[in-house]
1. Students sometimes get this wrong: rank Arg243, Arg159 by accessible area, probe 1.4 Å, all chains present, largest first.
2. Using DSSP to call loops (not H, G, I, E or B), can you name the GluC sites (Glu not before Pro) in region 174-263 whose Cβ has at most 16 other Cβ atoms within 10 angstrom?
3. Given a cut-off of under 8 Å on Cα pairs at least six residues apart, what relative contact order in percent is computed for the chain?
4. Please list the non-local residues whose amide H lies under 5 Å from the amide H of Thr140, H modeled 1.01 Å from N, same-chain partners needing a gap of 5 or more.
5. Report the Stokes-Einstein translational diffusion coefficient (µm² s⁻¹, integer) for the chain, Rh taken as the Kirkwood radius over Cα pairs, at 37 °C with viscosity 0.692 mPa s.
6. Translational diffusion coefficient, Stokes-Einstein: compute it for region 103-167 using the Kirkwood radius over C-alpha pairs as Rh, at 20 °C and 1.002 mPa s, and state it as an integer in µm² s⁻¹.
7. Using a 1.4 angstrom probe on the protein heavy atoms only, could you order Asp31, Asp67 from most to least accessible area?
8. Roughly how tilted is helix 40-52, in degrees to the nearest 10 and between 0 and 90, from the longest Cα axis of the chain?
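The values are calculated or read from the model by the stated rules, or taken from the named source; none is laboratory data. What you see is a predicted model; the values in this text were computed from it and never measured. Positions of Cβ are generated from backbone atoms using ideal geometry, with glycine treated the same way; all protein chains shown enter the neighbour counts. In case anyone asks, the SASA skips ligands and DNA or RNA and just uses the protein heavy atoms, side chains included. Shrake-Rupley method; radii C 1.70, N 1.55, O 1.52, S 1.80 Å.
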Amino acid sequence: MTAQRPLALVTGGSAGIGYALARQAAQHGHDVIITGAGPRVHESADRLADATGVTVTPVQSDLRTADGVDQVWAAVTSTGQPLAIAMLNAGVSLGGAAFIDTDLDDELNEINLNVISQVRLAKPIARDMAARRTGRILFTSSLSATTPTPYETVYGPTRAFVYSFAQSLRQELLDTGVTVTALLPGATATEFHERAGMGGTRFGDNSWKNDPELVARKGFAGLMAGRDHVIGGDRATWRAAIRQRILPERIKAAQFAKSSKPA
Ligand SMILES: NC(=O)c1ccc[n+]([C@@H]2O[C@H](COP(=O)([O-])OP(=O)(O)OC[C@H]3O[C@@H](n4cnc5c(N)ncnc54)[C@H](OP(=O)(O)O)[C@@H]3O)[C@@H](O)[C@H]2O)c1
């Protein structure tokens, strides 16, 4: 009889950083559940399974809703396998315009996905792992957690929430054997900024950004090492992270606007 592989969950695993994180988990011997809002999650699961030889289960669900979150947790429990790793990564931004010009419902939906769904899903995951006294949780936050983000006005605050939430949860779980790590990627070459309506800004140009494979490799290594947070990116990203610890918020806001303000 072959030994059962450990199980990893990656939300937003159908594309971008999440797909690269899922590949890391698979290459390190995990069966993987990946989620996405649209139908391509099925094709992404087939591609990852073919490339790595592990079992990859797709879940198509809209995490902006409580039902969508329940669907993901039900998929985890229905495997009968204990969850070794949870990577709560799905997220979107809304940019390309100033707050006074954007649609409020779009922003509330952004908060539903980037903030509410993380808290909803973290609850059963943390309880389950704490009861078993083992497990690793990764939250994808962003370097945007450490700066104001004008012209993505709501996005940065959603990532700051997740960063702080992860650090609080980490402290509470210290004695349980469960680790919590926040991944803070710098700008990364995925569909993210195009999807956020930022095609006409400096962030819309993928040529200068981090490779999602590099971000995921660093994130996964930090997760397995039980680190509190990981800067996801190259040396320039790391230098930016250091600068952002020191600079006043108003200076960072002005600098960020140079890359995010639509022409
Ligand atoms: N790219 C960057 O520059 C950057 C930098 C820092 C942090 N991040 C963070 O990294 C994470 C992943 O971003 P990415 O760059 O990989 O973006 P991406 O390539 O656009 O992928 C986003 C993923 O989230 C899923 N998703 C979108 N809306 C959803 C919803 N309503 N319900 C469930 N799943 C949904 C997408 O599924 P579909 O298959 O349905 O599209 C996709 O799998 C986000 O949390 C983001 O804040 C990104």
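1. Details: Arg243 120, Arg159 5 Å².
Correct descending sequence by accessible area is Arg243, Arg159.
2. Working: sites: Glu191, Glu194, Glu213, Glu249; in loops: Glu191.
Taking region 174-263 and a limit of 16 other Cβ atoms within 10 Å, the loop GluC sites (Glu not before Pro) found are Glu191.
3. On the way: 530 pairs, mean separation 50.0, N = 263.
About 19 percent, as a whole number.
4. Hits under the 5 Å cutoff: Leu88, Asn89, Leu183.
5. Rounded, D is 178 µm²/s.
6. Values: Rh = 12.8 Å.
Translational D for this selection: 168 µm²/s.
7. Numbers: Asp31 15, Asp67 115 Å².
Putting Asp31, Asp67 in descending order of accessible area: Asp67, Asp31.
8. Helix 40-52 and the main axis of the chain meet at about 60 degrees.
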